[in-house]
Amino acid sequence: MSTVIEDIIGRKVFNSRGEETIEIDIVTASSFGRTSAPAGESRGKAEMVYYPQGGVDQAIEKVEELIAPELIGLNADFQEEIDKILREIDGTKDLRRIGGNTAFAISLANAEAAANSNGLLLFQFLGGYVAHELPYPLGNVISGGKHGQGKTPEIQEFLVIPHGATSFLEAAAANTQIHRRISDILKKKDKLFCGGRSDEGAWIANIGNLEALEALTEACGEIGNELGFECGLGVDVAASSLWNTSKKAYIYKREGEKRDFGEQLEFILNLIKEYNLAYVEDPFHEEDYQGFAELTKKANNCLICGDDLFVTNSERLKRGIEMHAANAAIIKVNQVGTLTDAWETIEMAKRGGYVPVMSHRSGDTCDWHIAHLAVAFKCPIIKTGVVEGARTAKINELIRIEEFLGDRAKMVDLQMP
Ligand code: PGA
Ligand code: ZN
């Protein structure tokens, strides 16, 4: 089967928020691969620039004029080589010339084209025979912060992780039941609740942070008891969105609270203790490595995860590991550009004792590639929502992978700190 790249096609499509995004087809003599790029709403400052000036149209021109002539004729099997060429063509650190999302879509489409041309599924092609472990799904069930609207909680995401489940299907089912149970609880807590949902399919309600955590505790407890395994709670504070540089404080508008570093630390530590949180993402703003480190030292039995802090960037993660800033790192391939960049960060995370958490973006497409990446690179957790088409595309693909693996499938060994 020939894996030589014969054509590269770029087109404009839309993500789940209705924003324009780039989709790439990489065509080989025997098959093809297709990927469309996601987009964040609460982006880290150190992320790649998504598109050149002129947006998706300009990016497609770059694909046709600059990129396709360099890549056509090369072998799609050589992923690192393809990714290196993309970086060389661009020549900037933040990929502003061709666009980080352009590099992302070409890189992933190439990996899929290579897998298909070799007659393999993407996770087998990237991970080989040893890839047989499924991640735990971490799902957003209540939205706030930049993802909510109006009088929603300041914390951006209230999450569930059914870490006692013994199969992926069982874990995914638990998340959907918790999501449904939460809506019953919200109807009682918010008289105006009428079933509104955010980009990620999580509920939007006129409640505060603590009420959201109470709803989560109730739903996780009840469903966990019914199913007979533990369902943990988590939050993504997305604290950069709350941070006010001139006031040097985190502003909680709904609560009417202003918290300086010490108060924020105490607030988060209390939440971890009070609600037995298993996972906390971005508890401090994206430059506060020291703050992260103090929390990580003091928090017990809880994953402290950097998203905006690390932006899947190996240089930023290296600093974090040296400072013991966290014990988990979000992996969003389009934050950093290419598959090779993301893979290097995952490897570094594992060497440093960090849990890599493969993640969707709030504006996503029905692409299911991250499901394969999580299995191929043995990420213990995948953060990809619970309901909404772009989220279920990934969850359903993991159900298919689990079925495909048959007796060899097993849930990854999730070591809590
Ligand atoms: P996003 O954020 O809107 O940038 O995708 C999601 C997250 O903070 O995890
Ligand atoms: Zn986040």
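Taken together, the values in this text are just the output of simple stated rules run on the coordinates, not laboratory data. Just so it is clear, the model here is predicted, and its values are computed rather than measured. No Cβ is skipped: glycine too gets one built from the backbone with ideal geometry, and neighbour counts run over all protein chains shown.
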Would it be correct to say that residue 375 is within 15 Å of ligand 2 (Cβ to nearest atom) and within 16 Å of the chain's Cα centre (by Cα)? no
Answer from 160, 130 - the residue that is of a type in the set (A, V, I, L, M), without any contact (Cβ under 8 Å) to a residue 12 or more places away in the chain and either buried (at least 20 other Cβ atoms within 10 Å of the Cβ) or assigned to a loop (DSSP other than H, G, I, E, B) (or both): 130
Given the condition more than 20 Å from the chain's Cα centre (by Cα) and in a helix (DSSP H, G or I), answer yes or no: does some residue in the range 234-247 qualify? no
For the range 369-417, give me each residue that is under 15 Å from residue 121 (Cα atoms) and among the β-branched types (Val, Ile, Thr). 370, 375, 399, 401
Name the residues in the range 2-30 that are touching a helix residue (DSSP H, G or I) at 6+ places or on another chain (Cβ under 6 Å) and more than 19 Å from residue 81 (Cβ to Cβ), would you? 10, 12, 16, 20, 22, 30
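Hey, any hits in the range 29-37 for a residue that's farther than 19 Å from residue 19 by Cα, among the hydroxyl-bearing types (Ser, Thr, Tyr) and away from ligand 2 (no atom under 16 Å from the Cβ)?
yes
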What is the one condition in (1) more than 16 Å from ligand 2 (Cβ to nearest atom); (2) assigned to a loop (DSSP other than H, G, I, E, B) that residue 221 does not satisfy? (2)
Would it be correct to say that residue 201 is crowded, with 18+ Cβ neighbours inside 10 Å, out of contact with any His (no Cβ under 7 Å at 6 or more places or on another chain) and at positive phi? yes
When you scan the range 278-311, how many residues do you find that are of a type in the set (Ser, Thr, Tyr) and more than 23 Å from residue 213 (Cβ to Cβ)? 1
Filtering helices (runs of 4 or more DSSP H) wholly in the range 1-96 for at least 3 residues that are crowded, with 17+ Cβ neighbours inside 10 Å gives 55-62, 79-90
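Among the listed residues 202, 131, which satisfies the condition of being aliphatic (A, V, I, L, M) and more than 16 Å from ligand 2 (Cβ to nearest atom)?
Going through 202, 131 in turn, just one is aliphatic (A, V, I, L, M) and more than 16 Å from ligand 2 (Cβ to nearest atom): 131.
I need the full set of residues from the range 297-332 which are charged (D, E, K, R), within 16 Å of ligand 1 (Cβ to nearest atom) and not in a loop (DSSP other than H, G, I, E, B), in order please.
Once the filter is applied, which keeps residues that are charged (D, E, K, R), within 16 Å of ligand 1 (Cβ to nearest atom) and not in a loop (DSSP other than H, G, I, E, B), the range 297-332 yields only 316.
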